[in-house]
Ligand code: I3P
C-alpha cells in the first residue's frame, strides 16, 4: 500500500521555484521585494520556503524543512496581474485575510501550470 494509505498526510500536488513578492499584509500595502522562493502546493495550502538550493520536486517531503510562510487557499482569489508589474507572467494571489502575493516565472508554461493548479484547488474548496 502507499505510504499515505491512511490519508493523514496531505497530498503534495506541486512544487517548484517561482519569483515571489508580498505586496500587502492584512490589506496594507507593502513595498515589493522580489526573491526566488521554493513554492509547494500541499493540501489546501501554498507553502513558501526560503532556501530552494537543496530542494528538488522529487526530494521534497512535507516536514523536512521549515517553511518561511504559508497561505490558506480557502476563499483566496487568483488573478493575472499584467498591470501590477513590469515583469511578464505575473499573477496575484489574495487571501481572505487580505495578504497579497505576486508570483512570477520567466517560463510561460510553468506559470500557466501553477495558475491552473492553484485555481483548481481554490475552486475545489468552494464546492
Ligand atoms: C521596485 C523594484 C521592483 C519593481 C517595483 C519598484 O523598486 O524595482 O522590482 O517591481 O515597481 O518600485 P525598489 O527596488 O526601489 O523598491 P516590478 O519588478 O514588479 O515591476 P513598482 O513600484 O512599479 O511596483
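Only the coordinates and a few stated rules stand behind these numbers; no lab work does. Quick caveat, the model's predicted, so the values are computed rather than measured. When we count neighbours, we look across all protein chains shown, and the Cβ atoms used for this are built from the backbone with ideal geometry, even at glycine.
Peptide packing for 22-34, 106-118 was compared via the average number of neighbouring C-beta atoms within 10 Å per residue; ordered from the highest value, the list is 106-118, 22-34.
Counting beta carbons within 10 Å around each of 78, 103 and listing the fewest first gives the order 78, 103.
The distance between label points at residue 113 and residue 125 comes to 2.2 nm (points 7 Å beyond Cα on the Cα→Cβ vector).
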